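Contents: one structure, followed by commentary.
The values are calculated or read from the model by the stated rules, or taken from the named source; none is laboratory data. What you see is a predicted model, and the numbers here were worked out from it, not measured in a lab. Counting neighbours? That spans all protein chains shown, and the Cβs are built from the backbone with ideal geometry, glycine included. All accessible areas refer to the heavy atoms of the entire protein, side chains included, with ligands and DNA or RNA removed. Shrake-Rupley method; radii C 1.70, N 1.55, O 1.52, S 1.80 Å.
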Amino acid sequence: MSRRRSLPASLMRVTALTLAVTASAAVMADNPTDGPNDMFGVGMQRMPAWLGSKDHRNQAIPYIQAELPWHITLSTLDGLTVDLIHGDQWRGGLYGNYMWGRDSEELGPKLRGVVDSLGPRINGGGYLEYQATAQLNLGTELSHDTQGAGAYLNLYADYDLPAIGYLNHNLQVQWQAMNGPAMRRFFGVSPDQAAKLNITPWSPGQGSQQIAFEYDAYMPTSLHTGFAFAINYTRLLGQAAESPLVRVYGSRNQVTTTLAFVYRL
């Protein structure tokens, strides 16, 4: 089983593909998905307009998943990992990723010019993963903004479902927590903003932020090509769900769907 395939689903616009595509490495010997693991593709993703939004937007996304020498993996979905632990059951090491924010257009006419737009950031940290069985993978990630004070903890479990013919599919559950600065960055409302929007100011602290469930499927069309599909349901929790931005202008229920064409070298 390959390592976990997603950073916080709500924070990344390109996370939903990873499990579906990389699950193909564990199929039967006569499956046309056997072969190289370096993958490149393009697709479309329908996602919340911003973290906590009730509106959606369509986004064209690239896909890169490349295994490099010295146990380095480069991915537009997973980011960059450097394995310092690479045993039969345990894997772990350094981790870095690109975290999307939100721009004024995505905020919409009611929030535009009042609520802060958020630029993208790079965060870094480490991960540790345990392969409990051939199908079940458990892990955790701890990361911190490289330009900012946000910190993020993720616990996840992946389970490979039995293949249906050449169709490979997978389930994932992920829980995430944020520290105070990260919570306030995405869900905080200053007194000045609250007055302009006629809502309650909100200054959340650290705590549980979301739980996500994801189903991924990969169907090869040849030895080198295939289609990946993913659907992710995320439920905001705690102070994130109680933010006036979410309660008044958004939704604690977040759904992301993805379809992509993948080419394997």
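Take the chain, mark every one of the trypsin sites (Lys or Arg not before Pro) that falls in a DSSP loop and has at most 15 other Cβ within 10 Å, then report the longest stretch left between them, sites excluded. Before the final figure, lay out each step's value.
Values: sites that count: LYS54, ARG112.
After excluding every exposed loop site, the longest remaining stretch is 113-265.
Shape class of region 61-214 from the alpha-carbon gyration tensor: prolate, with a/c at 1.5 or above and a/b greater than b/c. Normalising the average separation of contacting C-alpha pairs (under 8 angstrom, six or more residues apart) by the number of residues puts the relative contact order of the chain at 22 percent.
First obtain the Kirkwood hydrodynamic radius of region 180-257 from its Cα pairs, then insert it into the Stokes-Einstein equation at 25 °C and 0.890 mPa s, and state the resulting D in µm² per second as a whole number. Walk me through the intermediate numbers first.
On the way: Rh = 14.5 Å.
Once the numbers are plugged in, D ends up at 169 µm²/s.
The calculated FRET efficiency for ALA149 paired with VAL255, based on their beta-carbon distance and R0 = 25 Å, is about 0.25.
Can you classify region 62-145 as rounded, prolate or oblate using the Cα gyration tensor, where a ≥ b ≥ c are the square roots of its eigenvalues, rounded means a/c under 1.5, and otherwise it's prolate if a/b beats b/c and oblate if not? Note, shape of region 62-145 comes out prolate.
Applied to region 252-259, the Karplus parametrisation 6.51 cos²θ - 1.76 cosθ + 1.60 on θ = phi - 60° returns per-residue 3J(HN,Hα) values of 6, 9, 10, 10, 10, 10, 9, 9 Hz, with x for Gly and Pro.
Average accessible surface for the chain: 43 Å² per residue, computed with a 1.4 Å probe over protein heavy atoms with every protein chain in place. Extending 7 Å from the Cα toward the beta-carbon at both ARG57 and ASP38 defines two label points whose distance is 3.3 nm. Quarter the surface of the alpha carbon convex hull of the chain and you get the mean projected area, 13.1 square nanometres.
Work out how much length LEU136 to LEU74 would gain on full extension: take 0.36 nm times their residue separation and subtract the Cα-Cα distance, in nm to one decimal. Intermediate values should be presented prior to the final figure.
On the way: separation 62, 0.36 × 62 = 22.32 nm, distance 2.31 nm.
Result for the pair: 20.0 nm of gain on full extension.
Ligands, DNA and RNA left out, the 1.4 Å accessible surface of region 115-165 is 65% carbon and sulfur atoms. Per the Debye formula with a single identical scatterer at each Cα and no solvent contribution, what log10 I(q)/I(0) holds for region 100-185 at q = 0.14, 0.15, 0.19, 0.24 Å⁻¹? Log10 I(q)/I(0), no solvent term: -0.70, -0.76, -0.91, -1.10.
How large is the charge dipole for the chain, taken about the Cα centre, if only the Cβ atoms of Lys, Arg (+1) and Asp, Glu (-1) carry charge, to the nearest 20 debye? Show your work: numbers first, answer last.
Values: 19 positive and 21 negative charges, 202 e Å.
Using only the charged Cβ atoms, the result is roughly 980 debye.
Seen from all directions on average, region 72-120 presents a Cα convex hull projection of 4.8 nm².
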